[in-house]
Amino acid sequence: MAGSKYAYVRNFELPDPLLQGTFMVFRLDGHSFHRFSDAHEFNKPNDLRALQLMDHAAQDLMEQYPDITLAFGESDEFSFLIRKSASLYNRRNAKIVSTLTSFFTSSYVFRWTTYFPDTPLKYPPSFDGRIVLYPSEREIRDYFSWRQTDTHINNLYNTVFWTLVQQGGESTTQAHATLKGTVSKEKNEILFSRFNINYNTLDPRFRKGSTIIREEIPEDSQTETSTASDAAPAKHMRSRTKPRTRTVVLHCDIIKDEFWVARNDILSS
Ligand code: ATP
Ligand code: ATP
Ligand code: MG
Ligand code: MG
Ligand code: MG
Ligand code: MG
């Protein structure tokens, strides 16, 4: 193998290391999920089953890769924070992105029937993935604030849009026109004055997205396992001295300091 006259082609492969000592943010996003969600009749504006399936695939990925300290998801996307000291796959970019994207995608398909028992998959879904490096905690905080702000902006728009269609009897074209140029305050006002809906009382899952953290399992309940790890494809051997952890899905604010102050381990290594 190594000595064949063909082996020189290997030298065309270029190394693609990710700078050591920097935070990696791995983000994946469903490919053409506008179409995928139509084809599989997702409820609008938010299909709960689809969001829970995304959360579960993200939990599977965190179970598989202990270097992930935090995840945040909305719609068809998820972002994962990988600790800056990680030496995962020698920090090879393509290796990490392709393996993690592939694992998430197959977990999504693997668990599809649990969340969509009556909706057979019509075709194989796919996700794109990328890694962005950030030098410090400031950018990581701002990165996650950026994603959660996006969740809010999209959800407010989609909520008003679909309320106008589903309850207001407007066509999708009319609803687009009604919302054109409106600011947040006006959108809230449409919801409240016309439909008696107070946006701030809607399910936090939709308003805040899904934040997944690791939580220590208390000593006395170490025989129990979380839902996510029950059927996790692979379990690692863990040393007995290390406390076992499980992943937990939250729907909370991650823009203010409070979330981070209470969990300084997320950024500390
Ligand atoms: P691209 O391939 O560029 O990402 P896309 O069609 O996936 O294109 P996105 O901007 O990623 O576009 O948006 C994803 C779309 O998938 C949303 O706009 C929405 O229509 C749909 N979608 C994803 N998750 C859900 C959900 N849980 N409930 C309802 N619709 C969803
Ligand atoms: P890496 O993650 O670095 O790719 P790997 O264990 O997948 O590690 P490869 O060099 O890709 O290593 O080799 C794949 C191995 O999988 C083969 O050596 C063989 O043992 C096994 N394998 C793959 N396909 C088959 C097959 N069709 N029948 C039997 N064994 C197979
Ligand atoms: Mg996109
Ligand atoms: Mg998409
Ligand atoms: Mg998207
Ligand atoms: Mg292989």
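Readers should treat all values here as calculations from the given coordinates under stated rules, not as data from a laboratory. Just so you know, these numbers come straight off a predicted model, no measurement behind them. Positions of Cβ are backbone-derived with ideal geometry, glycine not excepted, and every protein chain shown enters the neighbour counts.
Observations, loosely collected:
- The aspartates and glutamates within cross-link reach of Lys5, meaning a Cα-to-Cα straight distance under 17 Å and a gap of 8 or more places when in the same chain, are Glu13.
- Rounded to the nearest whole Hz, the Karplus-based 3J(HN,Hα) values (6.51 cos²θ - 1.76 cosθ + 1.60, θ = phi - 60°) of region 44-61 follow the sequence 10, x, 10, 8, 4, 4, 5, 5, 5, 5, 4, 4, 5, 4, 5, 5, 4, 5, with x at glycine and proline.
- Proximal charge balance of Ile197 [Cβ under 13 Å; K/R count +1, D/E count -1]: +1
- Based on Cα contacts under 8 Å between residues 6+ apart, region 1-94 shows a relative contact order of 43 percent.
- Legend: ranking of residues Leu100, Leu48 from fewest to most surrounding C-beta atoms inside 10 Å; resulting order Leu48, Leu100.
- Dipole magnitude of region 117-193, debye to nearest 20 (Cβ charges: Lys/Arg +1, Asp/Glu -1, about Cα centre): 80
- Simple label model, 7 Å out from Cα along Cβ direction - Tyr6 to Ala94, nm: 1.8
- For the chain, built as a Gaussian network whose Cα springs stay under 10 Å, the top-fluctuating residue of Thr172, Thr69, Thr22: Thr172
- Leu48-Val183 FRET efficiency (beta carbon distance; Förster radius 22 Å; 0.05 resolution): 0.20
- Unit charges at the beta carbon, dipole of region 1-147: most positive-side option, Thr114, Pro124, Leu100: Leu100
- Sites Ser87 and Thr149, calculated FRET efficiency, Cβ-Cβ separation with R0 22 Å, nearest 0.05: 0.10
- Order of Phe259, Phe72 under a 10 Å beta carbon neighbour criterion, fewest first: Phe259, Phe72
- Note on region 1-147: with charges restricted to the Cβ of Lys and Arg (+1) and Asp and Glu (-1), its dipole about the Cα centre is near 580 debye.
- Given charges at Cβ of Lys, Arg, Asp, Glu: the chain dipole, positive-most of Ile140, Asn196, Pro45: Ile140
- Radius 14 Å from Cβ of Leu88, net charge of other residues (Lys, Arg +1; Asp, Glu -1): +3
- About the Cα centre, charge dipole magnitude for the chain (Lys/Arg +1, Asp/Glu -1 at Cβ), debye: 720
- Considering only Cα atoms, the convex hull volume of the chain works out to 196 Å³ per residue.
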